[in-house]
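Down below is the structure, laid out as structure tokens.
The values are calculated or read from the model by the stated rules, or taken from the named source; none is laboratory data. Since this is a predicted model, take the numbers as computed values, not measurements. When we count neighbours, we look across all protein chains shown, and the Cβ atoms used for this are built from the backbone with ideal geometry, even at glycine.
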Amino acid sequence: MPESETAVLRTLSETLGSLPPGAEADARLTGGQWGTMRFANGRIHQPHLEEGRLLSLRVASDRRLGTATTTDLTEHGIAAVVRAAVALAAIAPIERKFPGFPEGTRRLVPVAYSESTARLTPEAQGRIAAKALDAARAEIPDARVSGVVNVGHEFIAVANTSGLSRFSRRSAVMSSVLVERPNEDPPVSGWSEGAHWDAAGLDSAALGREAASRVATSAPTAVKPGTYRVLLGGSAASELIGYLGYLGFNGHGEEEGWSCLARRRGRRILPPSMTLVDEGRSRESIPQGIDYEGLEKRKTPLVTEGVAGAAVSDLVTAGRLGVDPSGHGLPPESPYGEWGPIPTQVRLMGGDAKEEELLRETRNGILVTRFHYVRVVHPGRSILTGMTRDGTYRIENGEVTRPLRNLRFTESILRTLSKAELWGRSRRRYSDERGGATVTASPILTGAFRFTSSTLF
């Protein structure tokens, strides 16, 4: 059940009240409930329900920062985490440009939130999965259908010794569906995914039908590696945009010098009609009211009419860069603190092409449903490598003509998106399993995408 703002902020107040006199610190308490329903081989299996709370305390002592965490919220547990954070701060390296903890007052930061989603029972979550499963099997009765549905809610509360005390909630649901015909030679498959902040807004049956529609009905054929016009499906496009957020707008990357946009701020990097924003409180994303340092989320331009904006920041990177923090702080403990501040609710703006127009304007090229096993090759040049998967097709004379065997790519995100010609009017949310990082995007037609090798399947 959702916890009350008063009880959560009381715990943070008790934590800060246990600090030694004069100590400076911020504390965050997160918690919630997440249900996972997996399905495979025509049935639901491995249902999982997780509930928990985590307290994180960061102490600043003479500009040395020490962070400790605990799940023990008893008086003994709070005292132990205070001792640990204070001890770690005493031996930490000096953070000379740390700006201190922001001032503020107590405030509930509201965002779009679904109480009904937060209260879904495991049985109701299973029905969401069953709709996807049944819809896919109705399209291809002999197919193997698998996938997952994640549903849950989380509260985030942050307080510090400068008077800031803020609380926000979020709810999320995401689903992915894989439909396979493994007995074909080579095997064929189709994929679909989507997410929403309200379970009522996610049509899992439509995802099942869409995944089935992407399964090839004839044997895939090989195509030579090379540079092609490519229509990136929403899943594929969102992956590139998400990686651009990490490689181009990460505060750590900016101050450490490995950002792919380090010397391109204020310059045109994408088509003039392409805009990317990070808007944490937008209903078009999976909204979150505050970051993990208690700063309120606000609309942050990343790329405006093709021109690159500034990197996002948290308190530490803002101090190092000499800018104001942008409200993108992640939990300071590992591994999040090592990743650095990144955009987490990115939206691709504009785009008005219908699906048939995107195909027609591709003319002769390749349709990519999604990418698989993507890895960074060169962060400073935004180069990724990976493979196509679960629905790769040849486009000829503006029509999808035949399925293709999968291809490996090694390509620059900036090169790919700078060649974007059209993108769709129909946008969809794509998220990680708990909605913590979301990209709202549409299919993108790019005039140049480089495939480096082919596969046998």
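Just the residues that are among the hydroxyl-bearing types (Ser, Thr, Tyr) and in a helix (DSSP H, G or I), please, taken from region 175-226. Before you say what the answer is, go through the steps one by one.
First, the residues of region 175-226 that are among the hydroxyl-bearing types (Ser, Thr, Tyr): 175-176, 189, 192, 204, 213, 217-218, 221.
Result: Ser204, Ser213.
Is there any pair with a first residue in region 434-457 that is on the phi > 0 side of the Ramachandran plot and a second that is in a loop (DSSP other than H, G, I, E, B) and buried (at least 23 other Cβ atoms within 10 Å of the Cβ) whose Cβ atoms are under 7 Å apart and which are 6 or more apart or on different chains, and what are they?
Correct list of pairs: Gly435/Ile286.
Which residue, of Asp142, Asp134, is outside any helix (DSSP H, G or I), of a type in the set (D, E, K, R) and either without any contact (Cβ under 8 Å) to a residue 40 or more places away in the chain or more than 22 Å from Glu296 (Cα to Cα) (or both)? Please lay out each step first, then the result.
Numbers: Asp134 fails: outside any helix (DSSP H, G or I).
The match here is Asp142.
Given the residues Arg363, Arg320, Arg370, which is the only one that is of a type in the set (D, E, K, R), closer than 30 Å to Ala84 by Cα and touching a residue at least 60 places away in the same chain (Cβ under 8 Å)?
So the residue among Arg363, Arg320, Arg370 that is of a type in the set (D, E, K, R), closer than 30 Å to Ala84 by Cα and touching a residue at least 60 places away in the same chain (Cβ under 8 Å) is Arg320.
Would you say Glu433 is touching a Ser or Thr at 6+ places or on another chain (Cβ under 9 Å), under 27 Å from His153 (Cβ atoms) and surrounded by fewer than 21 Cβ atoms within 10 Å (Cβ to Cβ)?
Yes, satisfied.
Name the residue, out of Leu417, Leu422, Leu456, that is in contact with an Asp or Glu (Cβ under 7 Å, 6 or more places away or on another chain) and more than 30 Å from Gly35 (Cβ to Cβ).
Leu422
Specify which of the listed residues (Leu422, Leu456, Leu414) is aliphatic (A, V, I, L, M) and either part of a strand (DSSP E or B) or buried (at least 23 other Cβ atoms within 10 Å of the Cβ) (or both).
Leu422 is the lone residue from the list that is aliphatic (A, V, I, L, M) and either part of a strand (DSSP E or B) or buried (at least 23 other Cβ atoms within 10 Å of the Cβ) (or both).
Inspect region 389-408 for any residue being among the hydroxyl-bearing types (Ser, Thr, Tyr) and either touching a helix residue (DSSP H, G or I) at 6+ places or on another chain (Cβ under 7 Å) or on the phi > 0 side of the Ramachandran plot (or both) and give the result as yes or no.
Kept after step one, since they are among the hydroxyl-bearing types (Ser, Thr, Tyr), are these residues of region 389-408: 392-393, 401.
Those still in the list that are either touching a helix residue (DSSP H, G or I) at 6+ places or on another chain (Cβ under 7 Å) or on the phi > 0 side of the Ramachandran plot (or both) too: none.
No, the conditions are met nowhere in region 389-408.
What are the residues in region 19-38 that are surrounded by 15 or more Cβ atoms within 10 Å (Cβ to Cβ) and either of a type in the set (A, V, I, L, M) or not in a strand (DSSP E or B) (or both), if any?
Leu19, Ala23, Ala25, Ala27, Leu29, Met37
Against the condition of a type in the set (Ser, Thr, Tyr), within 21 Å of Ala27 (Cβ to Cβ) and assigned by TED's automatic domain parsing to the domain that holds Glu279, how does Thr362 come out, does it pass?
no
Give the residues of region 113-131 that are without any contact (Cβ under 8 Å) to a residue 60 or more places away in the chain and either surrounded by 21 or more Cβ atoms within 10 Å (Cβ to Cβ) or of a type in the set (D, E, K, R) (or both), sorted by residue number.
The answer is Glu123, Arg127.
Which of the residues belonging to region 33-74 are under 21 Å from Thr121 (Cβ atoms) and among the polar types (S, T, N, Q)?
Residues satisfying the conditions are Gln33, Thr36, Gln46.
Considering only region 307-321, I want to know if a residue exists there that is touching a strand residue (DSSP E or B) at 6+ places or on another chain (Cβ under 9 Å), of a type outside the set (A, V, I, L, M, F, W, C) and not in a helix (DSSP H, G or I).
yes
In region 125-144, how many residues are of a type in the set (A, V, I, L, M, F, W, C) and either over 21 Å from Ser431 (Cα atoms) or under 20 Å from the mean Cα position of the chain (by Cα) (or both)? It would help to see each step written out before you state the result.
To start, the set of residues in region 125-144 that are of a type in the set (A, V, I, L, M, F, W, C) comprises 128-130, 132-133, 135-136, 138, 140, 143.
With the extra rule that they be either over 21 Å from Ser431 (Cα atoms) or under 20 Å from the mean Cα position of the chain (by Cα) (or both), the set shrinks to 135-136, 138, 140, 143.
The qualifying residues number 5.
Could you pull out every one of the strands (runs of 3 or more DSSP E) wholly within region 338-407 that has 2 or more residues that are within 22 Å of Glu254 (Cα to Cα)?
345-349, 365-378, 383-396
Report yes if Arg263 is over 22 Å from the mean Cα position of the chain (by Cα), modelled with pLDDT under 95 and more than 29 Å from Val111 (Cα to Cα), otherwise no.
yes
One line per residue, one yes/no per condition, for (1) free of Cβ contacts under 8 Å to residues at least 60 places away in the same chain; (2) more than 30 Å from Gly152 (Cβ to Cβ):
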position: Ser192; (1), (2): yes, no
position: Trp197; (1), (2): no, no
position: Ala219; (1), (2): no, yes
position: Gly242; (1), (2): no, no
position: Tyr246; (1), (2): no, no
position: Asn250; (1), (2): no, no
position: Glu256; (1), (2): yes, yes
position: Asp278; (1), (2): no, no
